[in-house]
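These notes concern the structure reproduced below.
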Amino acid sequence: MTRVLCLEGITGAGKTTQAEKINSLNTSKRKSCLVINEKTYEPFRSVIINWHNSGANQNFRREVVESIARARAETHARHFFPLIGKLDYLVFDRSFYTSGIYQADGELSMEEIIQINLQNGVIVPEEGLIFLCSPEIARQRIDQRRVKQSQYNLPSIHESVDEIKKRRELYLRLAETRPELYLIDTSEKNEEEVFEEVRRKFKL
């Protein structure tokens, strides 16, 4: 049986680091695990790149949201649904919840965007963690990371502290409405302390 997990949260809160630790732990236990960043798979990758290149970075009209959701669903159908039952773990480093947070700048609410993704047939994680930290800490971590080349070789959006604050509030609202999602504040914890909480919550 495949456990499907997701890691969510504001940029800079430590999602990818924890995803790598989950993968390493499972490997040490001889458990099969795939950490998924949807932006590295087609057709989701191309749709996101085209959206970035269109210059409409903050323009999330319904048709744009639906186009991204369709590409995500096709990506899931092509690459990830066939792995269910074959691997021990699928771990999403960001999932459709991210679209609910980041695309809510347009004409649709967070919940409407999430529902559009669900209606298109995406994989729904059984459990998830939302990583948060203070917007100021997140901004510092983002700046430190930007000096390195992006591991995904994709364009990125520059987020101001105010934008991070807004998305942090949306994640807090999301946690209130989604019992499968659990909050972890990484502001005053080192990576190992956070991972201990991850292990406990996911029972790894």
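The values are calculated or read from the model by the stated rules, or taken from the named source; none is laboratory data. Note that the structure is a prediction, hence the values are computed from the model and not measured. When we count neighbours, we look across all protein chains shown, and the Cβ atoms used for this are built from the backbone with ideal geometry, even at glycine.
Here are the numbers for the structure shown:
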{"item": "In the stretch 155-164, the residues that are closer than 20 Å to THR16 by Cα and part of a helix (DSSP H, G or I)", "result": "ILE164"}
{"item": "The stretch 107-121, subset over 11 Å from ARG173 (Cβ atoms) and assigned to a loop (DSSP other than H, G, I, E, B), residue modelled with the lowest pLDDT", "result": "GLU107"}
{"item": "Boolean, SER150 is farther than 25 Å from PHE60 by Cβ and modelled with pLDDT under 95", "result": "no"}
{"item": "Residue satisfying all of: in the stretch 1-25; in a helix (DSSP H, G or I) and buried (at least 20 other Cβ atoms within 10 Å of the Cβ); nearest to the chain's Cα centre (by Cα) among these", "result": "LYS15"}
{"item": "Number of the condition not met by ALA104 [criteria: (1) under 23 Å from THR11 (Cβ atoms); (2) at pLDDT 95 or above]", "result": "(2)"}
{"item": "ARG72, sole failed condition from (1) charged (D, E, K, R); (2) over 14 Å from the mean Cα position of the chain (by Cα); (3) over 26 Å from LYS203 (Cβ atoms)", "result": "(2)"}
{"item": "Residue satisfying all of: in the stretch 154-172; at pLDDT 95 or above and surrounded by fewer than 16 Cβ atoms within 10 Å (Cβ to Cβ); farthest from ASP105 (Cα to Cα) among these", "result": "LEU172"}
{"item": "Condition check for PRO125: touching a Cys at 6+ places or on another chain (Cβ under 9 Å) and either part of a loop (DSSP other than H, G, I, E, B) or free of Cβ contacts under 8 Å to residues at least 60 places away in the same chain (or both)", "result": "yes"}
{"item": "Enumeration of residues in the stretch 123-146 that are of a type outside the set (Asp, Glu) and over 25 Å from GLY12 (Cβ atoms)", "result": "ILE123, VAL124"}
{"item": "Count - residues of the stretch 29-49 that are over 15 Å from VAL91 (Cβ atoms) and hydrophobic (A, V, I, L, M, F, W, C)", "result": "4"}
{"item": "Test result for SER134, within 15 Å of ARG167 (Cα to Cα), more than 13 Å from the chain's Cα centre (by Cα) and in contact (Cβ under 8 Å) with a residue 12 or more places away in the chain", "result": "yes"}
{"item": "Every residue from the stretch 94-122 that is charged (D, E, K, R) and out of contact with any Cys (no Cβ under 8 Å at 6 or more places or on another chain)", "result": "ASP105, GLU107, GLU111, GLU112"}
{"item": "The stretch 82-97: number of residues that are buried (at least 24 other Cβ atoms within 10 Å of the Cβ) and either in a helix (DSSP H, G or I) or without any contact (Cβ under 8 Å) to a residue 24 or more places away in the chain (or both)", "result": "2"}
{"item": "Any pair with Cβ under 7 angstrom, 6 or more apart, that starts in the stretch 180-197 at a residue that is in a helix (DSSP H, G or I) and ends at one that is among the basic types (Lys, Arg) and surrounded by 13 or more Cβ atoms within 10 Å (Cβ to Cβ)", "result": "PHE195/LYS21"}
{"item": "LYS29, sole failed condition from (1) surrounded by fewer than 17 Cβ atoms within 10 Å (Cβ to Cβ); (2) under 19 Å from the mean Cα position of the chain (by Cα)", "result": "(2)"}
